[in-house]
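Below is one structure, written out as structure tokens; comments come after it.
Please treat every number below as a calculation from the coordinates, not as lab data. Computed from a predicted model, the values in this text were never measured in an experiment. Glycine also receives a Cβ, built like all others from the backbone with ideal geometry; neighbour counts cover every protein chain displayed.
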Amino acid sequence: MNYFLEIYGTLPRAGPGSNALTRRAFEMMSDVPESPRILDVGCGPGMQTVELLRLSSGTAVALDLFPEMISQVRASAEGAGVSDRLETLAQDMTKMAFPESSFDIVWSEGAIYFLGFEAGLKKVKAFVKPGGYVAISEAVWLKPDPPSGAVEFWKDYPEIDTVAAKLDVIKRVGYEPVGHFILPPAAWTEQYYNPMEQRIVEKTIEWSGIPEAEAVLKEARNEISTFRKYADYFSYAFFVMRN
């Protein structure tokens, strides 16, 4: 796991996205309290957590499994001058147990799949105040009949589906869809895959001959090459919904 964190845990973001896209999703929300209480599930290094604190005068709870990620969130918040409004929790998201209606907003960029899309929406629903919001980025197919290489890449996440199917899930769980948009290719490359490639180059020689480390590098290279080959067929969509 240390090798994994040496690559994925040292990137600006833990997945596709950008501050501009975080702002776009946040601005879809109306009637948000002046100082909302926000839960960021699977926060990673917390770029979006800090941006949410910049966008509001509220407080945020940043939750992630890895203490290394929590340390990065704290450091980033301190650098941005918003650490006084940040709480952190190193915890498996499957163990989340907040009081009912604890948050005005629940946020999760590229991480809810650890719970499953539908299961994740059901789990966080109890934490959101009536009229509060949930904003989640989630893997979706962009075209019908994706190539076998793309299907193989997503085989461990069978819930990847079309935007229409995701909207059906949102409604079935009891949310009101507010809006959605597709993340552009730059959201995958600029702060995720480009710096990941740099880390791969840095570690290739250092980790030569270490099977566990070389396996992490191979997986990272495969992830990047698969996206570049099949970017027309899949991406993340950002979904904003109201409880």
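Working out 0.36 nm times the residue gap between GLU118 and ASN2, then minus their Cα-Cα distance, what length gain in nm do you get to one decimal?
Taking 0.36 nm per residue and subtracting the Cα distance, the gain is 38.7 nm.
Please report TYR193, TYR133, TYR157 as a ranked list, fewest other C-beta atoms within 10 angstrom at the top and most at the bottom.
TYR157, TYR193, TYR133
HN-Hα J couplings of segment 28-39 from phi, Karplus 6.51/-1.76/1.60, θ = phi - 60°, integer Hz, Gly and Pro as x?
6, 8, 10, 6, 6, x, 4, 10, x, 9, 10, 10
Check cross-link reach from LYS143 to the aspartates and glutamates: straight Cα distance under 19 Å, and skip same-chain residues fewer than eight apart.
Hits, sequence-local ones excluded: GLU152, GLU159, ASP161, ASP168, ASP232.
For the pair SER102 and ASP168, how long in nm is the line joining their label points, each one 7 Å along Cα→Cβ?
3.3 nm
Can you tell which of MET28, PHE127, PHE234 lies farthest toward the positive end of the dipole of the chain, using +1 and -1 charges on the Cβ of basic and acidic side chains (Lys, Arg; Asp, Glu)?
About the Cα centre, the residue reaching furthest to the positive side is MET28.
Report the Cα centroid-to-centroid distance between segment 11-41 and segment 69-89 in angstrom, as an integer.
15 Å
How far apart, in nanometres, would the label points at GLU202 and GLU176 be if each is projected 7 angstrom from Cα along the Cα-to-Cβ direction?
So the label points at GLU202 and GLU176 sit 4.7 nm apart.
Under a point-charge model restricted to the Cβ atoms of Lys and Arg (+1) and Asp and Glu (-1), what is the dipole moment magnitude of the chain relative to its Cα centre, in debye to the nearest 20? Present the calculation step by step, with values, prior to reporting the outcome.
On the way: 24 positive and 33 negative charges, 95 e Å.
I would put it at about 460 debye.
Please report SER18, SER235, SER208, SER137 as a ranked list, fewest other C-beta atoms within 10 angstrom at the top and most at the bottom. Mind showing how you got there, number by number?
Details: SER18 22, SER235 19, SER208 10, SER137 29.
With the fewest neighbours first, SER18, SER235, SER208, SER137 line up as SER208, SER235, SER18, SER137.
With a 10 Å radius around each residue's Cβ, average the other Cβ atoms per peptide and rank 69-82, 108-121, 36-49, 159-172, highest first.
Put in order of decreasing packing, that is 36-49, 108-121, 69-82, 159-172.
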